[in-house]
Amino acid sequence: MGAGHAHNLYRAGDSPLHRLPPHCKLVAVVLFVFAVVATPRERFWAFGVYALLLAAVAAVGRVPVGYVLRRVVVEVPFVAFALALPFLATGPKTEFLGLTVSHSGLLGAWNILAKGTLGVVASILLAATTPLRDLLLGMERLRMPQLLVQIMQFMLRYMDVISGEMGRMRVARESRGFVARDVRQLPVVAKSAGALFIRSYERGERVHLAMLSRGYEGTMPRIVEAQASGRQWAAASALPLAAVLACAAAWLAGG
């Protein structure tokens, strides 16, 4: 994979968060999300603590707030569902902002919004401070199945190739006077999609044969070995440890 295949979420930098090994950050984010999900939805203060922890992580990683907010829009479909939940759920009713809504639905909407947003922000911070290639190396280091890692590696490598092929096909169609204005042009677009699939499949076959001819036996060679020191693991554990303590406090407060 070439170094030029950088994803749009990555924000180049040299902060302490950028320098942490990718597998340390992956473990930290997963544990943080587990702690957030395990927190009772009625403990509103705990979610405030989680938000402050993520704000501290963003400050350490030098990721601007506006950069994160512009990318949180990815959860808009979940927000729409959450906003409809108080009106669709059954059970006891309550007054909220002058509207009569379901009490359980209101708590459910809060649960989705709070936990979903915290998870999305944590993922954005991970992606903003870690190149996608390094994330794949981290997954491999964490003993993720080789087949899944290789599939993602090839997806990353050939995404731009297939996108370029699709762009050339579009230019070829338009150079012959084709413009997709309505559903009557769908058969042409469908044929183009079929041709793109066939070309991609044939390219995959050629790449596979080329790999076999170079000694491929089911595993990819490791060019870079992702190592982590005890100090780096300790630094990465700060976020999930604080989140786990907040989650435990929330459960104890409920008891």
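Values quoted throughout were computed directly from the atomic coordinates according to the rules given, and no laboratory measurement underlies them. Everything quoted here is computed from the prediction, not taken from an experiment. Counting neighbours? That spans all protein chains shown, and the Cβs are built from the backbone with ideal geometry, glycine included.
From the phi angles alone, apply the Karplus equation (6.51, -1.76, 1.60; θ = phi - 60°) to the stretch 163-179 and give each ³J(HN,Hα) in whole Hz, x where the residue is Gly or Pro.
5, x, 4, 5, x, 5, 5, 5, 4, 5, 5, 5, 5, 9, x, 7, 9
Report, in degrees rounded to the nearest 10, the 0 to 90 angle that the Cα long axis of helix 44-61 makes with the longest principal axis of the chain.
Tilt of helix 44-61: around 50 degrees.
Which value, in debye to the nearest 20, describes the size of the charge dipole of the chain about its Cα centre when Lys and Arg Cβ atoms bear +1, Asp and Glu Cβ atoms bear -1, and nothing else is charged? Kindly include the intermediate steps, with their values, before the conclusion.
Working: 27 positive and 14 negative charges, 112 e Å.
It comes to approximately 540 debye.
Kindly express, to the nearest 10 degrees and within the range 0 to 90, the angle between helix 76-88's C-alpha long axis and the longest C-alpha principal axis of the chain.
40 degrees
Using a 7 Å offset from the Cα along the Cα-to-Cβ direction at both residue 201 and residue 146, what is the distance between the two label points in nm, to one decimal?
If labels sit at residue 201 and residue 146, their model points lie 2.7 nm apart.
If packing is taken as the average number of other Cβ atoms within 10 Å across a peptide's residues, how do 71-77, 56-62, 135-141 rank, most packed first?
Taking the mean over residues of other Cβ atoms within 10 Å, the ranking is 135-141, 56-62, 71-77.
Tell me, rounded to the nearest percent, the portion of alpha carbon pairs in the stretch 171-247 spaced more than 20 Å apart. Please report the intermediate quantities before stating the final value.
Values: 1990 of 2926 pairs.
Result: 68 percent of Cα pairs exceed 20 Å.
List every residue whose amide H lies under 5 Å from the amide H of residue 93, counting only residues 5 or more places away in sequence or on a different chain, with H placed 1.01 Å from N in the peptide plane.
Under 5 Å from the amide H of residue 93: 103.
Using the basic label-point model (7 angstrom from Cα toward the beta carbon), what is the residue 56 to residue 253 distance in nanometres?
So the label points at residue 56 and residue 253 sit 1.6 nm apart.
For residue 184 and residue 233, calculate 0.36 nm times their separation in residues minus their Cα-Cα distance, and state this gained length in nm to one decimal.
Working: separation 49, 0.36 × 49 = 17.64 nm, distance 5.78 nm.
Result: 11.9 nm gained on full extension.
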